[in-house]
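**Q** After the structure tokens below, expect a handful of questions from me.
The values are calculated or read from the model by the stated rules, or taken from the named source; none is laboratory data. The model shown is predicted, which means the values in this text are computed figures rather than measured ones. All Cβ positions, even for glycine, are placed from backbone atoms using ideal geometry, and neighbour counts span all protein chains on display.
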Amino acid sequence: MTAPRSRAEQKQYTRALIVDAGRQAVAARGFSGLVVRELAREAGIVPTAFYRHFDSVDALATELATGAADTLALLVDTLVSDPAEDPAATWPAQAEKLAAENPQTWSVLARGLVDTAHPDHRVLVAASDTARRRLGISLGRLDALSGADGAMVDVAADLVVVVLIGHLNALAGGADPRAASEDCSARLRLILAGAAAS
């Protein structure tokens, strides 16, 4: 980020620092890792300044969860907008592009999906369910799955979402992109072959 010039730019800059610190905290420790003093230290502000931008850590958590849900929706939009005859070959590379843009987003998503006690868990579950349904529709249109039972296509879509989120987390964690994409592609091929055999 470039140094802010105006008061409004400074406020926006500080808020972005807090959000970034929040993503890093959730990526490392889950939503329970959102602690005002630690966020302020990471953002380089005094703790009271946090409250000029967010009413509470819960408000920050909601913004992070909503952002992760929106990013997952963007990924799904990308995947289904250009129907692929072989998603196992193309989807890992398409996901790789988004992984590089905001790596901690995928950890926020993964952490939020397993943190069932956190109030924003429901936001991420809804995003995951929507992703599954949309990818299921796309998978159901594949020639290779034309004879597959609808329930099996739904199961395949569930597994595809899990594999893609795992792939994005691996990339965000610094995994070798080529090896991670090959692994993701192999997993997707296995899922699709299983659905086709049903």
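**Q** Of these, 66, 14, which one is part of a helix (DSSP H, G or I), in contact with a helix residue (DSSP H, G or I) (Cβ under 9 Å, 6 or more places away or on another chain), hydroxyl-bearing (Ser, Thr, Tyr) and within 17 Å of residue 121 (Cα to Cα)?
**A** Working: 14 fails: within 17 Å of residue 121 (Cα to Cα).
From the options 66, 14, the qualifying one is 66.
**Q** Would you pick out the residues in region 114-136 that are free of Cβ contacts under 8 Å to residues at least 40 places away in the same chain and within 12 Å of the chain's Cα centre (by Cα)?
**A** Result: 125, single match.
**Q** Just one of the numbered conditions (1) part of a helix (DSSP H, G or I); (2) farther than 19 Å from residue 162 by Cβ is not true of residue 80; which one?
**A** The failed condition is (2).
**Q** Still on this structure, please answer the following. Residues of region 52-62 being in contact (Cβ under 8 Å) with a residue 40 or more places away in the chain and surrounded by fewer than 18 Cβ atoms within 10 Å (Cβ to Cβ), which ones?
**A** From region 52-62, those in contact (Cβ under 8 Å) with a residue 40 or more places away in the chain are 52-53, 58, 60-62; that's our starting set.
Once the filter is applied, which keeps residues that are in contact (Cβ under 8 Å) with a residue 40 or more places away in the chain and surrounded by fewer than 18 Cβ atoms within 10 Å (Cβ to Cβ), region 52-62 yields 52, 58, 62.
**Q** For residue 16, are the conditions met, namely being more than 14 Å from the chain's Cα centre (by Cα) and either within 30 Å of residue 187 (Cα to Cα) or not hydroxyl-bearing (Ser, Thr, Tyr) (or both)?
**A** Values: more than 14 Å from the chain's Cα centre (by Cα): yes; either within 30 Å of residue 187 (Cα to Cα) or not hydroxyl-bearing (Ser, Thr, Tyr) (or both): yes.
For residue 16, the condition - more than 14 Å from the chain's Cα centre (by Cα) and either within 30 Å of residue 187 (Cα to Cα) or not hydroxyl-bearing (Ser, Thr, Tyr) (or both) - is met.
**Q** Another question, if that's okay. Restricting the search to region 41-63, which residues are outside any helix (DSSP H, G or I) and of a type in the set (Val, Ile, Thr)?
**A** As a first pass, look at region 41-63 and keep what is outside any helix (DSSP H, G or I): 44-46, 51-56.
Hits for region 41-63 are 45, 46.
**Q** Just to check your reading of the model, which residue among 43, 65 is over 15 Å from the mean Cα position of the chain (by Cα) and crowded, with 19+ Cβ neighbours inside 10 Å? Give the steps one after another, and end with the answer.
**A** Details: 65 fails: over 15 Å from the mean Cα position of the chain (by Cα).
Going through 43, 65 in turn, just one is over 15 Å from the mean Cα position of the chain (by Cα) and crowded, with 19+ Cβ neighbours inside 10 Å: 43.
Per-residue answers, yes or no, for (1) at pLDDT 90 or above; (2) of a type in the set (A, V, I, L, M, F, W, C):
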site	(1), (2)
81	no, no
98	no, yes
101	no, no
115	no, no
118	no, no
130	yes, no
133	yes, no
136	yes, no
139	yes, yes
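**Q** Determine whether region 29-36 contains at least one residue that is more than 20 Å from the chain's Cα centre (by Cα), surrounded by fewer than 21 Cβ atoms within 10 Å (Cβ to Cβ) and either in a loop (DSSP other than H, G, I, E, B) or free of Cβ contacts under 8 Å to residues at least 60 places away in the same chain (or both).
**A** Going through region 29-36, the residues more than 20 Å from the chain's Cα centre (by Cα) turn out to be 35-36.
Pick out the ones that are also surrounded by fewer than 21 Cβ atoms within 10 Å (Cβ to Cβ) and you get 35-36.
Now narrow it down to the ones that are either in a loop (DSSP other than H, G, I, E, B) or free of Cβ contacts under 8 Å to residues at least 60 places away in the same chain (or both): 35-36.
Yes, there is a match, as at least one residue in region 29-36 is more than 20 Å from the chain's Cα centre (by Cα), surrounded by fewer than 21 Cβ atoms within 10 Å (Cβ to Cβ) and either in a loop (DSSP other than H, G, I, E, B) or free of Cβ contacts under 8 Å to residues at least 60 places away in the same chain (or both).
**Q** Would you please list the contacts, defined by Cβ atoms under 7 Å and residues six or more apart or on different chains, that run from a residue in region 160-181 that is more than 17 Å from residue 104 (Cα to Cα) and hydroxyl-bearing (Ser, Thr, Tyr) to a residue that is modelled with pLDDT under 95 and surrounded by fewer than 16 Cβ atoms within 10 Å (Cβ to Cβ)?
**A** These pairs meet every condition: 181/93.
**Q** If I filter region 86-99 for residues that are in contact with a Gly (Cβ under 6 Å, 6 or more places away or on another chain) and over 30 Å from residue 62 (Cα atoms), do I get at least one hit? Outline the logic, then answer.
**A** Going residue by residue through region 86-99, those that are in contact with a Gly (Cβ under 6 Å, 6 or more places away or on another chain) are none.
No, because not a single residue in region 86-99 is in contact with a Gly (Cβ under 6 Å, 6 or more places away or on another chain) and over 30 Å from residue 62 (Cα atoms).
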